[in-house]
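Asker: If you scroll down you'll find the structure; I have some questions about it.
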Amino acid sequence: MVRKFPGTGLARREQQIMNVLHQLGEASVADVLARLDDPPSYSAVRTMIRHLEAKGLLRHRQEGKRYLYRATQSRESASRSALRKLLDVFFAGSASDAVATILDIQGQKLSSEELARIETLVRKARAEGK
C-alpha cells in the first residue's frame with residue numbers, strides 16, 4: 001500500500017522528490033537520485049518524475065541530452081495548498097482546532113521564540129481582521 005502525505009495527495013517518495021526539486025530549484029533525474037535517502041533505481045525515479053509532470057507539478061526543459069525538471073509552484077504555495085487540504089480533511093476547516101492540536105501534542109515543547117512568533121501572528125491577524 002502506498003502511503004500518501006496528508007494534504008498533498010502525494011506518495012512518500014513523490015513528496016521526497018518534490019522536496020529535492022524545491023531545494024535545488026532545477027535538477028536532472030540523476031541529481032534527484034543522488035539526494036534521496038535509500039534511493040530506488042534510476043528508472044523508478046524517472047518514472048515518478050514523469051508522473052509528477054503528468055500531474056502538473058513539474059515541468060522540464062532539455063539541456064543537451066538530459067532533461068532538467070523544476071516545480072511548477074513554489075514550496076510556499078504548495079505548502080499553503082497542502083495545509084488548506086489538511087485543515088479541511090482533519091479539522092473541518094478550523095484553523096483554531098489545528099493550532100490547539102499542535103499545542104496539545106504531548107512531548108512537543110515550543111520554545112519561547114516559537115511561542116512569541118505565534119503571539120505576534122495572532123496579534124497581526126487580529127489587527128488585519130482575519
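Asker: Hey, any hits in the stretch 95-116 for a residue that's part of a loop (DSSP other than H, G, I, E, B) and closer than 23 Å to LEU10 by Cβ?
Answerer: No, the stretch 95-116 contains no residue that is part of a loop (DSSP other than H, G, I, E, B) and closer than 23 Å to LEU10 by Cβ.
Asker: Right, something else. Take ALA30 and decide whether it is small (Gly, Ala, Ser), surrounded by 11 or more Cβ atoms within 10 Å (Cβ to Cβ) and in contact (Cβ under 8 Å) with a residue 60 or more places away in the chain.
Answerer: no
Asker: Is one or more of the residues making up the stretch 73-80 over 30 Å from VAL122 (Cα atoms), among the hydrophobic types (A, V, I, L, M, F, W, C), modelled with pLDDT under 95 and surrounded by 12 or more Cβ atoms within 10 Å (Cβ to Cβ)?
Answerer: Taking every residue of the stretch 73-80 in turn, none turns out to be over 30 Å from VAL122 (Cα atoms), among the hydrophobic types (A, V, I, L, M, F, W, C), modelled with pLDDT under 95 and surrounded by 12 or more Cβ atoms within 10 Å (Cβ to Cβ).
Asker: What is the residue count in the stretch 8-32 for residues that are assigned to a loop (DSSP other than H, G, I, E, B), of a type in the set (Val, Ile, Thr) and over 16 Å from GLU76 (Cα atoms)?
Answerer: 0
The values are calculated or read from the model by the stated rules, or taken from the named source; none is laboratory data. Please read all numbers here as calculations on a predicted model, not as lab measurements. All Cβ positions, glycine included, derive from the backbone under ideal geometry; neighbour counts span all protein chains shown.
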